[in-house]
Amino acid sequence: MTTKSETVGEIIARHHGREGPLLPILHDVQAALGCVDAESEEMIAHGLNLSRADVHGVVSFYHDFKSAPDARPVVQVCRAEACKARGVEAIIDAATTAAGERVKVETVYCLGLCSAGPAARTGDDLHVRLDAAALTQLVENA
């Protein structure tokens, strides 16, 4: 079994010599461990010769990075202007109610599907032209 230290070390090594490696490393650590916790931040800072404050500043700025793992499935719902204009605000409450504590409904701002909103993402799958029933079904199937 690979330890956290080994996993983070392998990820840092994989990006060694790459220009601007911090964000790709953070994304890979998040994918591998489910979060970028304080210990991982410290290892990344050491591996890139940065201060932990530099790494933490990036981690805390981007909402994609979590400081603790969350095992719940995630449904990301776009609430940017185009999806708002297409009615996402009227359907979000039904999805949140259906999610309860079992599914995390997360707000994102633009999935790049502005002409086909309201839009949502589950994993790598994108869903468009959602109404309340379709978004609720998406949450229930997550």
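Throughout, read-outs are computed from the coordinates displayed, never taken from laboratory work. What you see is a predicted model, and the numbers here were worked out from it, not measured in a lab. Because the Cβ atoms are built from the backbone with ideal geometry, glycine has one as well, and the counts that use them run over all protein chains shown.
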Taking only the alpha carbons of the stretch 74-141, what extent do you get along each of the three principal axes, in Å, biggest first?
-> 29, 24, 16
With an 8 Å cut-off on Cα pairs and a minimum separation of 6 or more residues, tell me the relative contact order of the chain in percent.
-> 20
To the nearest 10 degrees, how steep is helix 88-99 against the longest Cα principal axis of the chain, on a 0 to 90 scale?
-> 70
Long-range HN-HN contacts of GLU106 with modeled amide H, under 5 Å | VAL75, GLN76, VAL77
On a 0 to 90° scale, report how tilted helix 38-48 is relative to the longest principal axis of the chain, with both axes built from alpha carbons and the result rounded to the nearest 10.
-> 60
Alpha-carbon Debye profile of the chain, log10 I(q)/I(0) at 0.10, 0.15, 0.17 Å⁻¹ = -0.43, -0.80, -0.91
In the chain, what cysteines have no partner Cβ closer than 4.7 Å?
-> CYS35, CYS110, CYS114
Rounded, prolate or oblate: which fits the stretch 4-61 when a ≥ b ≥ c are the square roots of the eigenvalues of the alpha-carbon gyration tensor, with rounded for a/c under 1.5 and prolate only if a/b beats b/c?
-> rounded
What share of the DSSP beta bridges in the chain is antiparallel, in percent to the nearest 5?
-> 50
Measure nothing fancy, just the Cα-based angle from helix 4-14's long axis to the longest principal axis of the chain, in degrees from 0 to 90, nearest 10.
-> 90
